[in-house]
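In what follows, a structure is listed as structure tokens, so that the remarks can point back to it.
The values are calculated or read from the model by the stated rules, or taken from the named source; none is laboratory data. It should be emphasised that the depicted structure is a prediction, and the values quoted were computed from it without experimental measurement. Virtual Cβ from ideal backbone geometry, glycine too; neighbours counted across all protein chains shown. Surface areas here come from the heavy atoms of the whole protein model, side chains and all, with no ligands, DNA or RNA. Shrake-Rupley method; radii C 1.70, N 1.55, O 1.52, S 1.80 Å.
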Amino acid sequence: QGQLVESGGGLVQAGGSLRLSCLASGSTFSSVAIGWHRQAPGKQRELVAAISAGGSTDYAGSMKGRFTISRDNAKNTVYLQMNSLKPEDTAVYYCNAGANLVLVAAGFGSWGQGTQVTVSS
């Protein structure tokens with residue numbers, strides 16, 4: 001898998017929404033799994049959500065019901081729709097690509113540079 005570029009981050013008030021995008025270069029996008037992870041200052045990176053090549057999804061418990069991951073293979077893009085945002089969602093959000101859901105959820109594969117999400121109270 002080629003380069004990954006995240007976008008869509010920004011500053012939003014608590015309760016608001018953002019949609020992040022992970023654009024991948026390369027011709028093998030439809031055959032790879034993509035994950036979204038985040039890292040807040042002073043904290044370890046954690047899984048947010050992941051989606052397999054076939055569309056199966058996996059979410060971290062605290063994000064279930066608020067975040068939705070989806071993919072558009074025609075656009076080589078995976079989206080992370082984030083609703084009901086909380087100040088504790090503030091972090092740099094990264095996407096990664098790998099061979100399968102388990103690997104990307106565990107943090108393996110290639111990574112993008114990240115996009116900052118800041119949620120104000």
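Quick check: is even one residue across the stretch 19-31 in contact with a Lys or Arg (Cβ under 6 Å, 6 or more places away or on another chain) and within 18 Å of Ser84 (Cα to Cα)? No, every residue in the stretch 19-31 fails to be in contact with a Lys or Arg (Cβ under 6 Å, 6 or more places away or on another chain) and within 18 Å of Ser84 (Cα to Cα). Determine whether the stretch 41-48 contains at least one residue that is modelled with pLDDT of 95 or more, touching a Gly at 6+ places or on another chain (Cβ under 9 Å) and of a type in the set (A, V, I, L, M). Yes, the stretch 41-48 has at least one match. Might you let me know whether the stretch 102-113 holds any residue that is open to solvent by less than 20 Å² (accessible area, probe 1.4 Å), in contact with a strand residue (DSSP E or B) (Cβ under 6 Å, 6 or more places away or on another chain) and in a strand (DSSP E or B)? Checked the stretch 102-113: no residue is open to solvent by less than 20 Å² (accessible area, probe 1.4 Å), in contact with a strand residue (DSSP E or B) (Cβ under 6 Å, 6 or more places away or on another chain) and in a strand (DSSP E or B).
Listed conditions (1) under 14 Å from Ala53 (Cα atoms); (2) surrounded by fewer than 15 Cβ atoms within 10 Å (Cβ to Cβ); (3) among the polar types (S, T, N, Q) are all met by Ser121, apart from (1). The lone criterion from (1) within 15 Å of the chain's Cα centre (by Cα); (2) surrounded by 13 or more Cβ atoms within 10 Å (Cβ to Cβ); (3) over 14 Å from Thr115 (Cα atoms) left unmet by Gly26 is number (1). Among the conditions (1) surrounded by fewer than 12 Cβ atoms within 10 Å (Cβ to Cβ); (2) free of Cβ contacts under 8 Å to residues at least 12 places away in the same chain, Pro87 misses just one, which is (2). For the stretch 90-101, which positions are among the small types (Gly, Ala, Ser) and either part of a strand (DSSP E or B) or buried (at least 16 other Cβ atoms within 10 Å of the Cβ) (or both)? Once the filter is applied, which keeps residues that are among the small types (Gly, Ala, Ser) and either part of a strand (DSSP E or B) or buried (at least 16 other Cβ atoms within 10 Å of the Cβ) (or both), the stretch 90-101 yields Ala91, Ala97, Gly98. For Arg71, indicate whether it is buried (at least 16 other Cβ atoms within 10 Å of the Cβ), of a type in the set (Lys, Arg) and out of contact with any helix residue (DSSP H, G or I) (no Cβ under 8 Å at 6 or more places or on another chain). In short, yes.
Figure legend. Inter-residue proximity from the stretch 1-17: first residues modelled with pLDDT under 95, second residues part of a loop (DSSP other than H, G, I, E, B) and open to solvent by 30 Å² or more (accessible area, probe 1.4 Å), beta-carbon distance below 7 Å, spacing 6+ or different chains. Indicated pairs: Gln1/Gly26; Gln1/Thr28; Gly2/Ser25; Gly2/Gly26; Gln3/Ser25.
Among the residues of the stretch 31-52, write down those that are within 16 Å of Gly98 (Cα to Cα) and either of a type outside the set (Gly, Ala, Ser) or open to solvent by 40 Å² or more (accessible area, probe 1.4 Å) (or both). If you could, list the steps in order and put the result at the bottom.
From the stretch 31-52, those within 16 Å of Gly98 (Cα to Cα) are 31-37, 47-52; that's our starting set.
Ser31, Val32, Ile34, Trp36, His37, Leu47, Val48, Ile51 - these are the residues of the stretch 31-52 that are within 16 Å of Gly98 (Cα to Cα) and either of a type outside the set (Gly, Ala, Ser) or open to solvent by 40 Å² or more (accessible area, probe 1.4 Å) (or both).
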